[in-house]
Each structure stands twice: as structure tokens, then as C-alpha cells.
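Heads up: the structure comes next, in C-alpha cells.
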Amino acid sequence: MSKIKVAVAGCLGRMGQEITREILKNKKLLFVGGFEHKSHPDLNKIFNEVTSINSKLKISDNTNQIIKNADVVIDFTSPNSTLSNVKIAAKNKTAIVIGTTGMTENQKKKVKNFSKKIPILMSSNMSLGVNLLFNLVNQTASILKDENYDIEISETHHKHKKDAPSGTAISLGEYAAIGRKTKLNKTKVTDRTRKITKRKKGQIGFSVTRGGEIAGEHTVSFIGTNDRVDLTHKANNRSIFVNGAIEATIFLSSKKNGFFDMSNLFIK
């Protein structure tokens, strides 16, 4: 059986490097290249000369050629870069796994439209534990009604993360909103400093902490008058996201088109 040819967008980023190392270790996969933006100082250098990645391939800015050579491209970059990469993937009939966060609803819709041509798996979080948490939050929100329990979502990440609240926190809010048969855009509160007012029934609040090198911590709290239920996931390191991206790549390699998320792998 031939190996799945995989490319990595943003290959010198924190996630990009870890994903590339894991691809090189996996016997089912073949690393065919990684690319970076045109202003990156390490362009055209050899991977094993500037990183701890054991590859003699050159770091490229030729996005089209790298994606064309791959069966699947893995993208944990930025919203605008991801949109550009999806267009190129669609043109070359290359599947794409997307772990980029901070995308707007409009950007997500644009990505989804390309799934008519190619298989796309997009998730705000690639870990099995977090995807289990999504379902637990949905179920809990449907049972603990808004007249009795307030929902607050807190998340903590490393100091390098740019988007806030995190994509995972937003997804948790969406699952909570679905559980209560409402829309997150109608109920979410991300800033309580602009208005001096008490909490309204049904609101879903968010709080954000940034510091150190924390891989990711999320807690959804259902707070009642007499008790409180906390559902928490803590990532000790990024390996759970990397492993999820690898599993998503293997899953997607057999698809012709369609839009998927991690539940298609893990939730039966």
C-alpha cells in the first residue's frame, strides 16, 4: 500500500514543526514538503539545518507546487492564509486538514464551499478529549436549563496565542447554545467592562487568560443557586492536537469530497 503524501502549511510554526516531525515518524505517511510565507528568513534553507526536523527537503514558498505534490495538506496557520491555501488545494484536488482558529463565520462558509470539490476536515480542536467535551457540554446544557443555571466558559493559553476567545472556547459555546436551542451570537458575552449591568438570563459568558507556555485549558461552568457543575479539559502538551491532525489526515485521504470535523473520526 502506497504512503499518503502530506504537505504542511506554516511548516516552521510551533504546530507546523511538531506536525512535520510526526509525519516523518508515521509509516503510513510521506512528507513531501512544507511551505512558509515569502518573507520568512529561513526560506530555501534545509529543514535539518535550521530545525530539529530530520528532513533534507528545502523550506519553500511555492505553495502551489507543494500542495500539488500532496494527497493531503495540513494547515494550522492564520485565517487569511488558510483561505488562500484552500483555494489552491481545491484547484489541485488536494484534501486539506484545517486546525486554524480565529476564523469568522463568513470565512468558514467560504471554506465549506470548497468541500464540494475536495475533502476538507476543519476543527477548532483536534483532540479526542475536547471533542468528547463538546458532546458533554451539549448534553449538560440541554438538561440544566437557563432559568436555573448560568453558563460561563473560561480558557487559558500560552502567551503567543493571538485570537481570543480561543476557537475551542467558541465551539464549546456553540455546543452549549445548541443544547439550549439558541444561537451563540444571541447569547455570548465576551466583555463585561463596557456596560455596567447585571447578568441576563441565558447569557453565555467568556473569560480569557494568556500566559507562559500553557498548551490549552478549557472549563465550562454551569452555575446554579445551590450547586455548580464544571466540565474541564487540560492539555498537558500539543501532542494531542498533533496526533489528532495525523489521524484526520489518514481519515481524509480516502475521501473524494465533503466537509468533516473530528466527530466523524471519534464519535460513533
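Observations on the structure shown:
- Flag if ASP146 is within 18 Å of PHE222 (Cβ to Cβ) and part of a loop (DSSP other than H, G, I, E, B): yes
- Considering residues of region 100-109 that are open to solvent by 40 Å² or more (accessible area, probe 1.4 Å) and not in a helix (DSSP H, G or I) only, the residue farthest from ARG14 (Cα to Cα): THR104
- Restricting region 110-132 to residues that are out of contact with any strand residue (DSSP E or B) (no Cβ under 7 Å at 6 or more places or on another chain) and more than 21 Å from ASN237 (Cβ to Cβ), the residue that is surrounded by the fewest Cβ atoms within 10 Å (Cβ to Cβ): LYS116
- Scanning region 64-74 turns up no residue that is acidic (Asp, Glu), surrounded by 19 or more Cβ atoms within 10 Å (Cβ to Cβ) and either in contact with a Leu (Cβ under 7 Å, 6 or more places away or on another chain) or not in a loop (DSSP other than H, G, I, E, B) (or both).
- Test result for THR100, modelled with pLDDT under 95 and of a type outside the set (A, V, I, L, M): yes
- Residue match in region 110-132 (condition: without any contact (Cβ under 8 Å) to a residue 40 or more places away in the chain and not in a helix (DSSP H, G or I)): no
- Residue selected from region 1-39 under the condition more than 20 Å from ALA95 (Cα to Cα) and over 23 Å from the mean Cα position of the chain (by Cα), by the criterion least open to solvent (accessible area, probe 1.4 Å): SER39
- Failed criterion for ALA164 (all others in (1) touching a residue at least 60 places away in the same chain (Cβ under 8 Å); (2) aliphatic (A, V, I, L, M); (3) in a loop (DSSP other than H, G, I, E, B) hold): (1)
- Hits in region 134-152 (condition: out of contact with any Leu (no Cβ under 8 Å at 6 or more places or on another chain) and buried (at least 16 other Cβ atoms within 10 Å of the Cβ)): ASN138, ALA141, LEU144, ASP146, TYR149, ASP150, ILE151, GLU152
- Test: GLY244 is within 16 Å of MET126 (Cβ to Cβ) and touching a Leu at 6+ places or on another chain (Cβ under 9 Å): yes
- Pairs where the first residue, in region 32-53, is under 16 Å from ILE67 (Cα atoms) and the second is of a type in the set (Phe, Trp, Tyr), C-beta under 9 Å, 6+ apart: GLY34/PHE47
- Among the residues of region 18-54, those that are farther than 16 Å from THR249 by Cα and either part of a helix (DSSP H, G or I) or of a type in the set (Ser, Thr, Tyr) (or both) comprise SER39, PHE47, ASN48, GLU49, VAL50, THR51, SER52.
The values are calculated or read from the model by the stated rules, or taken from the named source; none is laboratory data. Quick caveat, the model's predicted, so the values are computed rather than measured. When we count neighbours, we look across all protein chains shown, and the Cβ atoms used for this are built from the backbone with ideal geometry, even at glycine. Side chains included, ligands, DNA and RNA excluded: accessible areas come from the protein's heavy atoms. Shrake-Rupley method; radii C 1.70, N 1.55, O 1.52, S 1.80 Å.
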